[in-house]
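Structure record follows, encoded as structure tokens.
Computed from the coordinates by the stated procedures, all read-outs in this text should not be read as laboratory data. All figures in this text were calculated on a predicted structure; none of them were measured in a lab. Quick reminder, even Gly has a Cβ in these numbers, built from the backbone with ideal geometry, and neighbours come from all protein chains shown.
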Amino acid sequence: MNAFPPPGDKKQLEEGLVFTPKFDADGLVPAMAIDATTKEPLMLAYMNAESLRMTIELGEAVYWSRSRKEIWHKGKTSGHVQRVVEIRTDCDQDALVVYVEQAGAGCCHTGRGECFYRKVAGTTAGEPTALAFTGEGKTFDPEAVYGKS
């Protein structure tokens, strides 16, 4: 696959049929992984041009790990691969939604099915804003899968 062409003028960017992702100053574009069946959010990650190209070619989600500074083929270690069903870009092509079929017990390194396992629950005067757990809890043991917690 060729490199992604630079974004054209505003009309081409917003209405054209050429994929020209706008990467940020660090060369990244946010990619929200969503379960293709349930439409629930799974995780938010980032892609650089190489990982985005690999994702399109492989049909599996490949991200850029900002903490490790390396390509991260989701599920390569854990077996919890994300098979890509569809990739969408927003109007100015600076954000992606990646609809995936999540293989395995989940996608979160904490051992849960998704990374969005808490919700903002509200506030009490003078107290920090509270969080509450959602969902069913842990679906796998991250130490057994990754060798660390």
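Against the definition (surrounded by fewer than 16 Cβ atoms within 10 Å (Cβ to Cβ) and either polar (S, T, N, Q) or on the phi > 0 side of the Ramachandran plot (or both)), how does Thr139 come out, yes or no? No; evaluated as a whole, the condition is false for this residue. Residues that are closer than 20 Å to Val145 by Cα and touching a strand residue (DSSP E or B) at 6+ places or on another chain (Cβ under 6 Å) number at least 2 in the following strands (runs of 3 or more DSSP E) confined to region 1-94: 41-47, 62-65, 70-73, 82-89. So in region 100-140, with the set limited to residues that are in a loop (DSSP other than H, G, I, E, B) and of a type in the set (A, V, I, L, M), which one is farthest from Ile34 (Cα to Cα)? My answer is Ala125. Checked against the criterion of being touching a Cys at 6+ places or on another chain (Cβ under 9 Å), touching a residue at least 24 places away in the same chain (Cβ under 8 Å) and surrounded by fewer than 16 Cβ atoms within 10 Å (Cβ to Cβ), region 79-102 contains not a single residue that satisfies it.
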